[in-house]
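For reference, the structure discussed in these notes is given below.
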Amino acid sequence: MVIAVFDGLRPDRISEELTPNLHRFVTDALWYREARSVFPSMTRVATTSFATGSHPTQHGVVNNAFFHPAISGGEPLDTSRAAHIRAANAWHDGEFVEAKAIGCALAAAGKRLAVVHSGSAGSAWLLNHRAKEHGHWTFSIHGRDHTDTPEAVDQSIEHFGPLPAGKSPKLDEATYATQVLTELVLPKLEPDVAIIWYSEPDTSYHFHEIGSRESDLATAHVDASFGKILDAVHASDQSEDTLLIVMSDHGQISTTSAFDLVGALGDKGFDAGYRAEPGTDVLVTPGSAAGLTLINQDRTRLQALGCALMDMPETGLLFCGTDENGEPVIDGAFDRALVGADHPRSPDLYWVGRSSIEADQHGLAGAGIYTTGVNVPVGGGMHGGLNPHEMNTLLAFGGAGMPAGCVNDHANLTDIVPTVLALLGVDRPATMTGLPLDAVLGKQAPEPRERRLEAGAGEFRQFLLLADDDGRQRIPVCGGRI
């Protein structure tokens with residue numbers, strides 16, 4: 001089984017002209033056109049949710065960056081950095097990720113997982129956080145110091161030479177990773193499951209705009225890389241029995257403006273900052289889905305913080321925890337448990353920038369606000385919130401006799417690994433809240449249903465659309481300000 005992940009790829013960017021290999025594949029595959037990411041729709045949250053088949057409520061990776069006692073100096077834990085991940089894992093005695101992942105399930109069944117990753121070291125680790133313990137194989141494009149299985153990097157360099165330099169767009173990284181998969185992992189290691197993760201087109205979406213020439217170039221390049229994977233699979237002795245899964249972890253929308261959330265909170269009487277420093281009373285992790293935490297937990301002060309945010313026209317959505325009666329501690333906010341983001345590590349508040357489905361400068365639907373403090377230019381792509389074009393992901397199953405067709409089932413990122421395990425006859429861990437997808441298993445897919453919730457206080461109103469399919473977990477489909 002081969003799983004190819006295209007970080008950030010929006011399904012509506014697949015076309016015969018731009019991505020001929022992916023277009024041909026999804027046309028002949030079982031394509032979940034309404035597949036959805038998780039909240040917050042950030043890469044490392046999505047990575048962990050995919051790998052563990054569960055939401056942040058279960059696994060504890062609550063944002064790309066969040067404040068954690070393992071990290072000294074007042075800065076947040078950055079889940080892209082190997083050093084931060086290792087510090088947090090040591091602090092938790094090896095249990096930083098609180099849910100079992102695909103690697104754990106495969107190892108328990110005597111099966112092997114290999115990962116080829118061209119994104120951040122943190123993402124590579126989170127895909128199989130117990131790779132070393134289980135004798136698995138994880139290659140990181142960043143080198144041997146950025147994986148717990150450095151021998152994977154050593155083997156790759158021995159076969160293919162030095163690692164690429166890391167310029168943007170990350171075309172050389174995609175080429176190198178494809179070689180590692182097609183010329184080393186598949187023919188020589190022969191794992192039961194192989195995952196390749198491309199950092200494009202996400203990187204180009206961020207820094208060169210979603211519909212730009214550079215982003216199109218990067219998208220076409222990883223499509224060509226996928227074509228080489230198809231060729232390698234078709235040329236193998238196991239071609240008839242190899243299932244291929246193509247997917248993305250989230251989408252993206254274009255940014256319209258960078259909002260100084262920290263400054264705006266200062267104007268409302270809050271000393272907010274990106275670091276825990278003397279005098280700071282609100283810790284902020286920036287983005288299109290920002291986390292806000294009060295250093296001194298005070299119910300009245302938290303209510304005032306929520307009211308201040310609702311007064312800002314840039315605010316799109318607000319989520320918080322609940323009180324002893326199960327009600328949101330901030331009037332007008334949504335319970336963060338509704339979107340699977342309720343965990344002891346979660347910030348007091350998730351702030352989501354206001355967005356819309358209006359066309360951007362390239363005629364692509366989806367645009368919104370993000371905060372300052374993020375290294376992405378205005379006009380570049382962002383993700384993290386609940387805009388439908390952030391949440392809609394690529395997901396298609398092909399080969400191994402899989403029928404062709406489009407499915408409107410509300411497939412979630414957390415359902416993919418449970419489906420993989422079901423196909424392999426492997427028991428899924430109890431921590432997996434996702435469920436095997438019926439259509440992939442030859443069953444009738446459930447009729448998609450949605451439930452709309454609304455909340456707000458004063459002039460602030462927000463909505464949340466949840467999938468409410470019979471017998472399946474309730475997952476967020478989209479949301480925003482009314």
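The values are calculated or read from the model by the stated rules, or taken from the named source; none is laboratory data. Model, not experiment: these values are computed from the prediction. No Cβ is skipped: glycine too gets one built from the backbone with ideal geometry, and neighbour counts run over all protein chains shown. When the accessible area is computed, the model is the full protein with side chains, heavy atoms only, and any ligands, DNA or RNA have been set aside. Shrake-Rupley method; radii C 1.70, N 1.55, O 1.52, S 1.80 Å.
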query = Quick one: net charge of His343's neighbours, Cβ under 9 Å, K/R +1, D/E -1?
reply = 0
remark   = In debye to the nearest 20, the charge dipole size for region 339-448, taken about the Cα centre with +1 at each Lys and Arg Cβ and -1 at each Asp and Glu Cβ, equals 180 debye
note = Calc'd 3J(HN,Hα), region 37-54, phi into Karplus 6.51 cos²θ - 1.76 cosθ + 1.60 (θ = phi - 60°), Hz, glycine/Pro = x, comes to 7, 10, 10, x, 7, 9, 4, 6, 5, 5, 4, 5, 5, 4, 5, 9, x, 8
inquiry  = Debye calculation, C-alpha points only, no solvent: report log10 I(q)/I(0) for region 297-346 at q = 0.23 Å⁻¹, in the same order as the q values.
reply    = -0.89
Crossing angle, helix 299-310 versus the chain [Cα axis fit, 0-90 degrees, rounded to tens] = 70 degrees
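In Å², what does the accessible area per residue of region 379-476 work out to with a 1.4 Å probe? Spell out each step's value before the answer.
Numbers: 3770 Å² over 98 residues.
Heavy-atom SASA per residue in region 379-476 reads 39 Å².
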request  = Mind ranking Trp91, Trp137, Trp125 by accessible surface for me, highest first, 1.4 Å probe?
outcome  = Trp91, Trp125, Trp137
message = To the nearest 20 Debye, how big is the dipole of region 69-204 about its Cα centre, given +1 on the beta carbon of each Lys and Arg and -1 on that of each Asp and Glu?
response = 140 debye
request  = Enter the accessible area of Glu358 (Å², nearest 10), with the probe set to 1.4 Å and all protein chains included.
outcome  = 130 Å²
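Can you tell me how region 1-140 classifies by the Cα gyration tensor, rounded, prolate or oblate, using a/c under 1.5 as the rounded cut? Walk me through the numbers on the way to the answer.
Values: a/c = 2.16, a/b = 1.54, b/c = 1.41.
Cα axes put region 1-140 in the prolate bin.
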query = Per-residue HN-Hα couplings for region 181-195, Karplus 6.51 cos²θ - 1.76 cosθ + 1.60 at θ = phi - 60°, whole Hz, x for Gly and Pro?
reply = 5, 7, 10, 10, 5, 5, x, 10, 7, 6, x, 5, 9, 10, 10
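Cβ under 11 Å from Thr285's Cβ, Thr285 left aside: what net charge do those residues give with Lys, Arg +1 and Asp, Glu -1? It would help to have the intermediate numbers written out before the result.
Working: positive: Arg275; negative: Glu75, Asp78.
Computed value for this residue: -1.
With both bridge residues required to lie in region 252-374, what share of the DSSP beta bridges run antiparallel, to the nearest 5%?
Numbers: 17 of 26 bridges.
Taking every DSSP beta bridge with both residues in region 252-374, the antiparallel ones total about 65 percent.
Looking at the square roots a ≥ b ≥ c of the eigenvalues of the Cα gyration tensor of region 362-475, which shape do they give, rounded for a/c under 1.5, prolate if a/b is larger than b/c, or oblate?
Judged from the Cα gyration tensor, region 362-475 comes out prolate (a/c at least 1.5, a/b above b/c).
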Surface per residue (accessible, 1.4 Å probe) for region 203-322, Å² = 38 Å²
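Can you tell me, using C-alpha contacts under 8 Å and at least 6 residues apart, the relative contact order of region 312-410 as a whole percent? Each step should come with its number before you reach the end.
Values: 104 pairs, mean separation 20.3, N = 99.
Computed value for region 312-410: 21 percent relative contact order.
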note = In region 124-230 the accessible area split gives carbon plus sulfur, as whole percent at 1.4 Å, a share of 49 percent
remark   = Spelling it out for Gly366: with amide H atoms placed in the peptide plane at 1.01 Å from N, the residues 5 or more places away or on another chain with amide H under 5 Å from its amide H are Glu358, Ala359, Asp360
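Give me the percent of accessible area attributable to carbon and sulfur for region 340-418, probe 1.4 angstrom. Don't skip to the end; give the middle numbers.
Numbers: 1250 of 2330 Å².
The computed percentage sits at 54.
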Pairwise centroid distance, computed over Cα atoms, of region 363-407 with region 170-197, Å = 24 Å
inquiry  = Would region 165-296 count as rounded, prolate or oblate if I go by the C-alpha gyration tensor, calling it rounded below 1.5 in a/c and otherwise prolate when a/b exceeds b/c, oblate otherwise?
reply    = prolate
task = May I ask you to evaluate 6.51 cos²θ - 1.76 cosθ + 1.60, the Karplus curve with θ = phi - 60°, for each residue of region 344-355 and list the ³J(HN,Hα) values in order in whole Hz, giving x for glycine and proline?
result = x, 7, 5, x, 4, 9, 9, 9, 10, x, 5, 9
remark   = Amide H proximity to Val407 below 5 Å, modelled H, separation 5+ or other chain, gives Trp31, Tyr32, Arg33
task = Per DSSP H run of at least 4 residues, take -39500 (n - 2.57); add these up for the chain, divide by its residues and hand me the 222 nm value, nearest 500 deg cm²/dmol.
result = -7500 deg cm²/dmol
inquiry  = For a quick check of understanding: with a 1.4 angstrom probe and all protein chains in place, what accessible area in square angstrom does His208 have, to the nearest ten?
reply    = 50 Å²
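Taking the DSSP beta bridges in the chain as the whole, what percent of them are antiparallel, to the nearest 5?
60 percent
With a 1.4 Å probe and all protein chains kept in place, how do Tyr32, Tyr274 rank by accessible area, largest first?
I get Tyr274, Tyr32, largest accessible area first.
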query = aspartates and glutamates within cross-link reach of Lys188: Cα-Cα under 18 Å, excluding same-chain residues under 8 positions apart?
reply = Glu151, Asp154, Glu158, Asp231, Asp237, Asp241
query = Under a 5 Å amide H to amide H cut-off, with H placed in plane at 1.01 Å, what residues pair with Asp271 once short-range neighbours are removed?
reply = Asp281, Val282
request  = Determine the order of Asp241, Asp172 by accessible area, beginning with the largest, at a probe radius of 1.4 Å.
outcome  = Asp241, Asp172
request  = Report the GluC sites (Glu not before Pro) located in region 434-482 that are in a DSSP loop and have at most 13 other Cβ atoms inside 10 Å of their Cβ, or state none.
outcome  = Glu459
message = Between 0 and 90 degrees, rounded to the nearest ten: what's the tilt of helix 150-160 against the longest Cα principal axis of the chain?
response = 50 degrees
remark   = Around Leu421 (Cβ within 12 Å, Cβ-to-Cβ, excluding Leu421; K/R +1, D/E -1) the net charge comes to 0
query = Counting only heavy atoms of protein chains, what accessible area per residue, in Å², does region 1-60 have with a probe of 1.4 Å?
reply = 23 Å²
